[in-house]
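Below is one structure; the comments refer to it alone.
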Amino acid sequence: MTMHAEPSTSPAAETAASALDAPTRTALFETMVLCRTYEEAILREYHADKGPGFDIGKGLVPGEMHLSAGQEPVAAGVCAHLTTDDAVTATHRPHHLAIAHGMDLRAMTAEIFGRETGLGRGRGGHMHLFDPATHFSCSGIIAEGYPPALGQAFAFQRKQTDRVAVAVTGEGAANQGAFHESLNLAARWSLPVVFVVEDNDWAISVPRDAATAVPSNADRAAAYGIPGERVEDNDVEAVYAAAARAVERARSGAGPSLIEIHTLRLWGHFEGDAQGYRPELAEVPSHDPIPRYEKALREAGVLDDDAVQRIRAAAAERVEDAIAYAKSSPLPDPASATSYVFA
Ligand SMILES: Cc1ncc(C[n+]2csc(CCOP(=O)(O)OP(=O)(O)O)c2C)c(N)n1
Ligand SMILES: [Mg+2]
């Protein structure tokens, strides 16, 4: 590891002879497909009954919805190195990370649909998925996941375990104080944390260049004396390799690392966002990482039509089961509105 950004990793890494074996590559693809299948189903259900017009408060899933389509390489590549004993703290755009970390899809979906069977009994919704079973949490307050990741890592260290905490945030949130304070303290105490920045170029409608003069957040690691690495091109295998180094470093007690991944926000900031501010909008679909990886794996002989079909069908079955479970679950009793929440 270096103390500054590594050279860009070319997407050619996906198509050239891979360092990874076929089962690992297939598993990365399966995770990405499951995440995308899930979000396409949420998209369908979310928009099904918002009309006439677009009333964000209406429907089966009322409120804001931030989907992570395009960012699946981050979730698949990082979470492949974790077990559910490891902690993940995520953002307002959490679904891909929750799924890749192994969250139960039924309880997650019921939470998104505001049902009593959800992870938080339907009180939290899609930005507040708290799951003790997988040590996963997230928040609608940006950069908020960093300090709790430190707290968990502190506990892991004190108990002399080899568990790690992964703290994920967007590139916009990396300009907040909590990000810098967390890097500083984690470095000082050599905590087992992997800091992950998802650079999708946008913080709502603010381009990254308008918010910071630093071209790579990975460079900021040097300010705290920890390794920083930037992965270009949304390449799942490059993410996998960078995360392997950072997770191993944390597990072995050598301390935290920072990884920034240049990823892609395939859809709007939230559902209903017309994205008129986005000059590159027309070409965004051509950068979708999933067809690109599928092509690479077909060309390498790792996948064929049958295998792809099986993977897609298995994902659809799991996702539709979770959606059906959520829809058939009871809504919380209004009389219990103040139960299970701080009051
Ligand atoms: C502390 C705080 N300030 C402002 C907001 C409003 N807000 C929600 S998402 C967002 C942009 C986040 O951008 P980024 O960190 O790049 O994440 P992305 O949405 O691109 O995944 C802002 C400013 C918030 N949720 N929390
Ligand atoms: Mg962003």
If each DSSP helix of 4+ residues adds -39,500 (n - 2.57) and the sum is divided by the residues in the chain, what number results at 222 nm, nearest 500 deg cm²/dmol?
-12000 deg cm²/dmol
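Please state the equivalent ellipsoid semi-axes for region 225-266: what are the square roots of 5 times the Cα gyration tensor eigenvalues, largest first, in whole Å?
21, 11, 7
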Please report the antiparallel percentage of the DSSP beta bridges confined to the chain, to the nearest 5.
10 percent
Restricted to Cα positions, what overall size does region 140-249 have along the principal axes? Three whole-Å values, descending.
43, 30, 26
Working from the pairwise distances between different alpha carbons, so that the mean of 1/r is found and then inverted, what is region 21-328's Kirkwood radius in Å?
19.5 Å
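Which order do the peptides 208-217, 322-331 come out in when sorted by mean C-beta neighbours inside 10 angstrom, highest first?
Values: 208-217: 14.2, 322-331: 16.1.
Those peptides, ordered most packed to least, come out 322-331, 208-217.
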Row for region 41-191, column shape: gyration tensor on C-alpha, a ≥ b ≥ c, rounded if a/c < 1.5 i.e. under 1.5, prolate if a/b over b/c, else oblate; value prolate
Apply 1/(1 + (r/R0)^6) to the Cβ-Cβ distance of Asp305 and Asp21, taking R0 = 35 Å, and write down the FRET efficiency to the nearest 0.05.
0.95
Quick one: check the C-alpha center-to-center distance for region 234-286 versus region 118-164, whole angstrom.
20 Å
For a quick check of understanding: with a 1.4 angstrom probe and all protein chains in place, what accessible area in square angstrom does Phe130 have, to the nearest ten?
110 Å²
Once you've got the GNM for the chain with C-alpha springs shorter than 10 Å, pick whichever of Leu264, Leu67, Leu20 has the biggest mean-square fluctuation.
Leu20
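Using only Cα atoms, what is the ratio of the radius of gyration of region 281-333 to 2.2 N^0.38 Å?
1.69
Once the piece of chain linking Thr212 and Phe270 is laid out straight, how much longer is it, given 0.36 nm per residue of separation minus the C-alpha distance between them?
Going from the current span to full extension adds 18.6 nm.
The values are calculated or read from the model by the stated rules, or taken from the named source; none is laboratory data. All values derive from a computational prediction rather than experimental measurement. Here the Cβ is made from the backbone with ideal geometry for all residues, glycine too, and neighbour counts use every protein chain on show. With ligands, DNA and RNA removed, areas are computed over all heavy atoms of the protein, side chains included. Shrake-Rupley method; radii C 1.70, N 1.55, O 1.52, S 1.80 Å.
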